[in-house]
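Below is one structure; the comments refer to it alone.
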Amino acid sequence: MDHLSSYLVLSAILFCLGLYTVVTRRNAVAILMGVELILNAANINFVAFSKFVTHDLDGHLISVFIIMLAAAEAAVALAIILNLYNDRGHINVDEANALKQ
Amino acid sequence: MADFLFWMIWALIVASAALVAFGNNLIHSVFALMGTFLGVAGIYIFLNADFLAVTQIVVYVGGILVLLIFGIMLTNQISSAQISQSSVQKGLGFVVVLGLLAIILSAVLPHDWVGSTLPMAFEETVSGIGYLLFTDYLILFEIASVLLLGALIGAATLARKEL
């Protein structure tokens, strides 16, 4: 608990689970959940390095801005997903390929 | 005692994030995500980040999670509580992600981070964050306010009935 590596392993696992969610899910809301996992993994790294390596508050500040960005991104993404559902009747991202034709 | 608590939270985060990634029911995944967010807030407390822990609970659990549940409720026929979700290319994705995890761990763990053996002692961070926010990070703070306004207007415009 007082060593950097336990936090780095945790955030690596969290990042990989988030990436797996983003890559394999078809539901757009589930993909959004994967993005949140990835952002949380990045936040853990920032704060852990801030405590163990740099000993200042810069990592905390970056984490605050990442949380703010995640909130803005979730709001806009859900508005887009609602429009997709009104248009198609589903939110499967692999079938939303109208721009390909 | 603190050590035991740390590893419990560690296991909670990994288990609930695995449920988010591998679960078949979308509702179960969202509630597992709440476990992940609360666990990460606990990890912030172990990392001396008291302000971030509270922000994590308020913004993620109180805001983003509710938004995600609204998104699920508005995009599915709620005739049954069973909202299934499917995945594509599970095997290939799993192998690639597992390889990536191995690469990250083999790069990060053997490295000798400077000062990684002496953690900073706990001191409250709120006043320090507030001071930095209005000195070194003032530009970022102003840009963030404009970005939030843009996201607010954009989301409201996109979600209207008549687009």
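On the stretch given as the range B:1-27, residues that are over 15 Å from the mean Cα position of the chain (by Cα) and surrounded by fewer than 16 Cβ atoms within 10 Å (Cβ to Cβ) total 10. Within the range B:61-76, not a single residue is of a type in the set (G, A, S), touching a helix residue (DSSP H, G or I) at 6+ places or on another chain (Cβ under 7 Å), crowded, with 22+ Cβ neighbours inside 10 Å and in contact (Cβ under 8 Å) with a residue 12 or more places away in the chain. Taken together, B:A32, B:A49, B:A53, B:A41 contain a single residue that is buried (at least 16 other Cβ atoms within 10 Å of the Cβ) and in contact with a Leu (Cβ under 6 Å, 6 or more places away or on another chain), which is B:A32. Of these, B:V108, B:V58, which one is out of contact with any Gly (no Cβ under 6 Å at 6 or more places or on another chain), more than 9 Å from chain A (Cβ to nearest Cβ) and farther than 15 Å from A:L17 by Cα? Of B:V108, B:V58, the one residue that is out of contact with any Gly (no Cβ under 6 Å at 6 or more places or on another chain), more than 9 Å from chain A (Cβ to nearest Cβ) and farther than 15 Å from A:L17 by Cα is B:V58. Checking each residue in the range A:14-24 for being over 15 Å from B:A32 (Cα atoms) and touching a residue at least 12 places away in the same chain (Cβ under 8 Å) picks out A:F15, A:L19, A:Y20, A:V22.
Here's the yes/no breakdown for (1) under 22 Å from A:Y7 (Cβ atoms); (2) at the interface with another protein chain (Cβ under 8 Å from one of its Cβ atoms); (3) touching a strand residue (DSSP E or B) at 6+ places or on another chain (Cβ under 8 Å):
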position	(1), (2), (3)
A:G34	yes, yes, yes
A:L39	yes, no, no
A:V53	yes, yes, no
A:A74	no, yes, no
A:A77	no, no, no
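Taken over the range B:124-155, the residue count meeting the criterion of being closer than 18 Å to A:N83 by Cα and surrounded by 12 or more Cβ atoms within 10 Å (Cβ to Cβ) is 4.
Where a number appears in this text, it was derived from the coordinates with a stated rule and is not lab data. Remember, predicted model here, so these are calculated numbers, not experimental data. Quick reminder, even Gly has a Cβ in these numbers, built from the backbone with ideal geometry, and neighbours come from all protein chains shown.
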